[in-house]
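These notes are about the structure you will find just below.
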Amino acid sequence: MNIKEQLDYLFNPRSAAVIGASSVFGKWGFNILGRMLTCKGDREIYAINNKESEVLGLKAYKSLLEVPGPVDLAVLTVPFQALAQAMQDCVQKGVKVAIVITGGLAEVGEDGEKIEREIVAIARRGGIRVVGPNCLGHFDTFSGFYTVPFLPQVKKGSIALISQSGNSSQSILNHGLEMGLGFSKFISSGNEGDLRFVDYLEYLEQDEKTDVILGYVEGIREGRRFLEVATRITKKKPIVIMKAGRSDIGARAARSHSAALAGSNEVLDAAFKQCGVLRVDELTEMVDVAVALLGQPLPRGRRVGVLAMGGGMAVMAADALRKEGLELPHLSASTMDTINTLLSQRWSRGNPVDPAGDFVSYHILWPMIEDDNFDSVIIIGGVAMTSSFAGWAGIPPSMKYDAARLRRGMERAEVGNLNKTIEMMKKHRKTVIFVTMIWGAKRQGRIFRKLRQNYLEPYDTLEKAARVLARLVAYSEYLGVARRG
């Protein structure tokens, strides 16, 4: 079987068993079996426990070999001393894929590594592919099947995540949900004793439900194969990777955590650039870039126009963009003329555009989108401002009804302006990055829903916006869409 056929048994099994199933709240055998039962569908789910007759309402079998029907997928949560026998049973039963949750193997030293090699060798002799060991599970939102226990329901989407770290993956997924992202698939790859990062990449290359691939890695094995596969994929789908372990201390921590070999950062940077992989430095940045890749046209160059709500923000934006190697060209004469009719004579008369006390509006943004001197535009403030009015404490009780009605009217008008902006982005193939100083619970209402639905969620700092735009430019240059400076 090829990798697609093999991993289809992982993401959409007809039947699955938990070896080490438990009725004890908090144990892995409880957490995973409970999760699987919530998304059972038409699948057969089996509990394997050699001491209990029933687990979570299911008949418990003392051994996998007692299960009456076939088992496509087995999840192993038993102590490491019992792993070899459990894997032997999987081979005898004809299991196709085994997820080994159990840790304390290659990541802790030679003794653990010996056990890991043994169970992987057993699996390979029996034709079983192994996820892990020392992993968290996985999910597929389109088949509706989950083994990872510690997540809210994830909405369907076109982002896939491969993570060598279980806990880090939780942060990535939760931030993605906050930013309005949906996911297609998730794999916690753990120690990668058998199936490796590049195997999952190769599978996702063929997955029609996945448009963008995210990866958290602490080390990459099979470097040459990774380069070949990634180069092939990035021509069609972006790959965004956070490679942990930049420092010597971080590299040593990565080796002890996931049993991965952390390579030279300089070599990895060059390799990623060569094959079109976008490397980011923070977990949240991975999601920030993914949102932009889904919602934005790729920039055709490094030239950026800036519309800022205030001189300080304009200066900081210029600094952040230049730090990322982006350019701030002059406004065209026609754009200058148009903005002159919209703003008082106090405005900055240059790029960045500082209205000098006048309101930042879409009517200033639109001519900047049309300006041939710009490949992208960043607008700072002036977007979704009505969402923050709801919490204002300075509105007298007698005016609250009128204020609420005014706010709803302003929201309706801004939704129309956003629709026009999105149309102009598509027409002129311009990237427009939004930045707002509205945080937390105030990010709600019609405008934020509209932004989120179109993958235009505003960033909360200028630095994030600049970094994201730089990654889009780099990918665009790699594909030959953008002019290289």
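Got a sec? Charge dipole of the chain, +1 on Cβ for Lys and Arg, -1 for Asp and Glu; which of Gly112, Ile239, Ala318 is way out at the positive end? The residue sitting most towards the positive pole is Ala318. Label-to-label distance, Ala356 versus Lys236, with points set 7 angstrom from Cα along the beta-carbon direction: 5.4 nm.
How would you classify the stretch 3-131 from its alpha-carbon gyration tensor, with a ≥ b ≥ c the square roots of the eigenvalues: rounded for a/c under 1.5, else prolate if a/b is greater than b/c, otherwise oblate? Judged from the Cα gyration tensor, the stretch 3-131 comes out oblate (a/c at least 1.5, b/c at or above a/b). Quick one: angle between helix 400-428 and the longest Cα principal axis of the chain, in degrees between 0 and 90, rounded to 10, please. Its long axis makes an angle of about 80 degrees. Compare the Cα positions of Ser361, Leu343, Ile422 along the charge dipole of the stretch 296-479 (+1 at Cβ of Lys, Arg; -1 at Cβ of Asp, Glu; about the Cα centre) and return the one farthest towards the positive end. Sorting the options by dipole projection puts first Ile422. In the chain, the longest principal axis of the Cα atoms and the axis of helix 283-295 are about 60 degrees apart.
Cross-linked pairs Lys323/Lys420; Lys4/Lys93; Lys236/Lys430; Lys237/Lys323: Cα-Cα separations exceed 25 Å for Lys323/Lys420; Lys237/Lys323. How high is the FRET efficiency between Met424 and Arg14 when r is their beta carbon distance and R₀ equals 35 Å, given to the nearest 0.05? Efficiency computed from Cβ-Cβ geometry: 0.10.
Label reach from Gln81 (point 7 Å along Cα→C-beta): in the stretch 30-50, amide nitrogens under 18 Å belong to 49-50.
Structural descriptor for the stretch 3-131: relative contact order 23 percent, calculated from alpha carbon pairs under 8 angstrom and at least 6 residues apart. Once C-alpha pairs closer than 8 Å and six or more residues apart are averaged by separation and normalised to the residue number of the stretch 296-479, the relative contact order reads 31 percent. Label-to-label distance, Met437 versus Lys323, with points set 7 angstrom from Cα along the beta-carbon direction: 1.8 nm. Relative contact order for the chain: 11 percent, from Cα pairs under 8 Å spaced at least 6 residues apart, divided by residue count. Of the residues Ser168, Ser476, the one with the fewest other Cβ atoms within 10 Å heads the list, and the complete ranking is Ser168, Ser476. Here the simple spin-label model places points 7 Å from the Cα toward Cβ, and for Gln206 and His330 these points are separated by 5.6 nm.
Exposure proxy for Ser15, Ser264: other Cβ atoms within 10 Å of each Cβ, ordered fewest to most, give Ser264, Ser15. Each Lys and Arg Cβ is given +1 and each Asp and Glu Cβ -1; about its Cα centre, the chain then shows a dipole of about 960 debye.
A Förster distance of 56 Å, applied to the separation of the beta-carbon atoms of Glu370 and Lys27, puts the FRET efficiency at 0.40.
Counting 0.36 nm for each residue step from Glu54 to Ser143 and taking away their Cα separation leaves a gain of 29.3 nm. Using the Cβ of Leu214 as centre and a radius below 13 Å, the other residues enclosed give a net charge of +1, where K and R count +1 and D and E count -1. Estimate the FRET efficiency between Gln92 and Arg412 by the formula 1/(1 + (r/R0)^6), using the beta-carbon distance for r and 45 Å for R0, to the nearest 0.05. Once the sixth-power term is evaluated, E becomes 0.10.
Here, each number is a calculation from the coordinates, and none is a lab measurement. On a predicted model such as this, the values are computed, not experimentally measured, just so you know. Please note: Cβ atoms are built from the backbone with ideal geometry, for glycine as well, and neighbour counts cover all protein chains shown.
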